[in-house]
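First up is the structure itself, then whatever we jot down about it.
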Amino acid sequence: MRLSVIIPHWPIHPDVEPLLDRCVKSLSGHDELVVVVNDGIGFAAAVNLGLRTARGDFMAVVSNDTVWRHGNLLDMCVPGAVTSPKLNDAIQDFWGCFFVVPRDVYVKVGPLDERFGLAYYEDNDYVRRLGKA
């Protein structure tokens, strides 16, 4: 089992670079790290570019300001299921800023819809499409 981590990175301010560094250093257990610089192309387009580039059996999409604190990323790799961790002590079924998708599920559901603009609703749409699939 190979895990690819995709980090869409939008360097809109100098303060964002240390966040990306902290995010990358917090992650372990992956076989491949893909950082996609989002120069205004939008969240969905950056994530989709990373998903197309990734070679893993599982692909984790992680926002550049996220820090992984506990556990092993490989525990998030569940065949046939998209998983999201508990974030900031809150649990919900899907977080657009951090999720792990098996390659076969991604192939079935397809990429995020880029028509929603720079960062609005594409994660809600994706979880709806996942549910239908």
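Among the residues in the stretch 86-104, are any assigned to a helix (DSSP H, G or I) and either in contact with a helix residue (DSSP H, G or I) (Cβ under 6 Å, 6 or more places away or on another chain) or charged (D, E, K, R) (or both)?
Just the residues of the stretch 86-104 that are assigned to a helix (DSSP H, G or I), to begin with: 103-104.
With the extra rule that they be either in contact with a helix residue (DSSP H, G or I) (Cβ under 6 Å, 6 or more places away or on another chain) or charged (D, E, K, R) (or both), the set shrinks to 103-104.
For the stretch 86-104, residues assigned to a helix (DSSP H, G or I) and either in contact with a helix residue (DSSP H, G or I) (Cβ under 6 Å, 6 or more places away or on another chain) or charged (D, E, K, R) (or both): present.
In the stretch 87-132, what residues are more than 14 Å from the chain's Cα centre (by Cα) and basic (Lys, Arg)?
Within the stretch 87-132, Lys108, Arg115, Arg128, Arg129, Lys132 qualify.
Given the conditions (1) without any contact (Cβ under 8 Å) to a residue 60 or more places away in the chain; (2) more than 18 Å from Leu130 (Cβ to Cβ); (3) open to solvent by less than 60 Å² (accessible area, probe 1.4 Å); (4) assigned to a strand (DSSP E or B), and given that Val5 satisfies all but one, which numbered condition is not satisfied?
Checking Val5 against (1) without any contact (Cβ under 8 Å) to a residue 60 or more places away in the chain; (2) more than 18 Å from Leu130 (Cβ to Cβ); (3) open to solvent by less than 60 Å² (accessible area, probe 1.4 Å); (4) assigned to a strand (DSSP E or B), the one that fails is (1).
Only one of His13, His70 is under 19 Å from Leu87 (Cα atoms), modelled with pLDDT under 90 and out of contact with any helix residue (DSSP H, G or I) (no Cβ under 8 Å at 6 or more places or on another chain). Can you tell me which?
On the way: His13 fails: under 19 Å from Leu87 (Cα atoms).
So the residue among His13, His70 that is under 19 Å from Leu87 (Cα atoms), modelled with pLDDT under 90 and out of contact with any helix residue (DSSP H, G or I) (no Cβ under 8 Å at 6 or more places or on another chain) is His70.
In the stretch 71-125, how many are hydrophobic (A, V, I, L, M, F, W, C), closer than 23 Å to Asp31 by Cβ and open to solvent by less than 80 Å² (accessible area, probe 1.4 Å)?
Let us first name the residues in the stretch 71-125 that are hydrophobic (A, V, I, L, M, F, W, C), namely 73-74, 76-78, 81-82, 87, 90-91, 94-95, 97-101, 105, 107, 109, 112, 116, 118-119.
In the following step, the residues that additionally are closer than 23 Å to Asp31 by Cβ were identified as 73-74, 76-78, 81-82, 95, 97-101, 105, 107, 109, 112.
Those left that are additionally open to solvent by less than 80 Å² (accessible area, probe 1.4 Å): 73-74, 76-78, 81-82, 95, 97-101, 105, 109, 112.
Of the residues in the stretch 71-125, 16 are hydrophobic (A, V, I, L, M, F, W, C), closer than 23 Å to Asp31 by Cβ and open to solvent by less than 80 Å² (accessible area, probe 1.4 Å).
For (1) in contact with a Phe, Trp or Tyr (Cβ under 7 Å, 6 or more places away or on another chain); (2) of a type in the set (S, T, N, Q); (3) within 18 Å of Cys77 (Cβ to Cβ), each residue gets a yes or a no:
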position: Ala90; (1), (2), (3): no, no, no
position: Pro102; (1), (2), (3): yes, no, yes
position: Val105; (1), (2), (3): no, no, yes
position: Leu112; (1), (2), (3): yes, no, no
position: Arg115; (1), (2), (3): no, no, no
position: Arg128; (1), (2), (3): no, no, no
position: Lys132; (1), (2), (3): no, no, no
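Working only within the stretch 8-36, note down all residues that are in a loop (DSSP other than H, G, I, E, B), hydrophobic (A, V, I, L, M, F, W, C) and open to solvent by 70 Å² or more (accessible area, probe 1.4 Å). Walk me through how you get there before you give the answer.
First, the residues of the stretch 8-36 that are in a loop (DSSP other than H, G, I, E, B): 10-15, 27-31.
Within this subset, residues satisfying the condition of being hydrophobic (A, V, I, L, M, F, W, C) are 10, 12, 27.
Within the stretch 8-36, Trp10, Ile12 meet the criteria.
Could you list, in sequence order, all residues of the stretch 37-64 that are open to solvent by 10 Å² or more (accessible area, probe 1.4 Å) and outside any loop (DSSP other than H, G, I, E, B)?
Listed by number, the residues that qualify are Val37, Phe43, Ala45, Leu49, Arg52, Thr53, Phe58.
The values are calculated or read from the model by the stated rules, or taken from the named source; none is laboratory data. The structure presented is a predicted model; accordingly, all values stated were derived computationally and were not measured. No Cβ is skipped: glycine too gets one built from the backbone with ideal geometry, and neighbour counts run over all protein chains shown. To get the accessible areas, we keep the full protein, side chains included, count just its heavy atoms, and leave off ligands, DNA and RNA. Shrake-Rupley method; radii C 1.70, N 1.55, O 1.52, S 1.80 Å.
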